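Any read-out appearing in this document is the output of simple, stated calculations on the displayed coordinates, not a laboratory observation. What you are looking at is a predicted structure, and each value in this text was computed from that prediction instead of being measured. When we count neighbours, we look across all protein chains shown, and the Cβ atoms used for this are built from the backbone with ideal geometry, even at glycine.
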Amino acid sequence: MFAVVLAAMALGEPPTIPVAPAPAPGGTSIEPLLLYLPQQLFNEQEFDPALRRISQAGIRTLLVSADSGVAVSMSQLIVNLDLTLRDVNAADYAGLVLIGGSGAALHWDDSLLQARCREFAAGGKVVAAIGIAPVTLARAGVLKGRKATAFCDRTTVDWLRQAGARYSFRGVVADGNIITAASSEQARAFGQAVAKAVLKGK
């Protein structure tokens, strides 16, 4: 928390405050949801609105990345991470959400991240990504035959189509347990779609 406030103060901006989840609807027990952040250069404008909307739905979130410590956004906001990807057991969580940002490109071919995406998808868990992060899902084979969207860049779109995805120009696309969004403009709607899918599975 202290690191988050310091980074935000240096930028003259209000800090992103971790959001405590609202009470779960009907007192249901919901497994925590993982938000995967690139360790460097994640998109804060994708992360913050999505996190807030998910938390408002009563879903607890944990922040995960390749290594322990902190993650730094493209605007130099610092957030503390809860665990590392290698310590994740898909059976213990409601789903896996990939946040984009320029740093997400470094994780497109991460074999462990791809394997985790496949594990969550195969287990019927929610698997979601926003911005350029859906490329990781595509390269993991998760989007084959699925409707999906991503940041509207010709190269990104080509990668999704080459992986067998049925690309859509819609801002947010939900196809079963797979949810994708195009950009930070849809971050809140993305978070809402993720929350809805998690709660539907309970």
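Before moving on, here are some points about what is shown:
- In the range 95-105, the condition of being more than 27 Å from G171 (Cβ to Cβ), under 15 Å from the mean Cα position of the chain (by Cα) and of a type in the set (A, V, I, L, M, F, W, C) is met by no residue.
- Odd one out for A104 among (1) outside any loop (DSSP other than H, G, I, E, B); (2) in contact with a helix residue (DSSP H, G or I) (Cβ under 6 Å, 6 or more places away or on another chain); (3) within 24 Å of L85 (Cα to Cα): (2)
- Against the numbered list (1) touching a residue at least 40 places away in the same chain (Cβ under 8 Å); (2) surrounded by 19 or more Cβ atoms within 10 Å (Cβ to Cβ); (3) in contact with a strand residue (DSSP E or B) (Cβ under 9 Å, 6 or more places away or on another chain), V70 comes up short only at (2).
- So G164, is it of a type outside the set (D, E) and in contact with a Lys or Arg (Cβ under 6 Å, 6 or more places away or on another chain): yes
- Number of residues in the range 83-119 that are surrounded by fewer than 16 Cβ atoms within 10 Å (Cβ to Cβ) and more than 24 Å from A150 (Cα to Cα): the value is 7.
- If you go through the range 132-189 and keep only what is among the hydroxyl-bearing types (S, T, Y), without any contact (Cβ under 8 Å) to a residue 40 or more places away in the chain and either more than 17 Å from A121 (Cα to Cα) or in a loop (DSSP other than H, G, I, E, B) (or both), you end up with T149, T155, T156, Y167, S168.
- Qualifying residues in the range 139-160 (those that are within 17 Å of the chain's Cα centre (by Cα), under 13 Å from A104 (Cβ atoms) and hydrophobic (A, V, I, L, M, F, W, C)) - the one surrounded by the fewest Cβ atoms within 10 Å (Cβ to Cβ): F151
- Evaluating N89 against the criteria (1) over 24 Å from Q192 (Cβ atoms); (2) touching a residue at least 24 places away in the same chain (Cβ under 8 Å) leaves one unmet condition, (2).
- For the range 64-83, a tally of residues being farther than 17 Å from T136 by Cβ and either in contact with a Gly (Cβ under 8 Å, 6 or more places away or on another chain) or part of a strand (DSSP E or B) (or both) returns 9.
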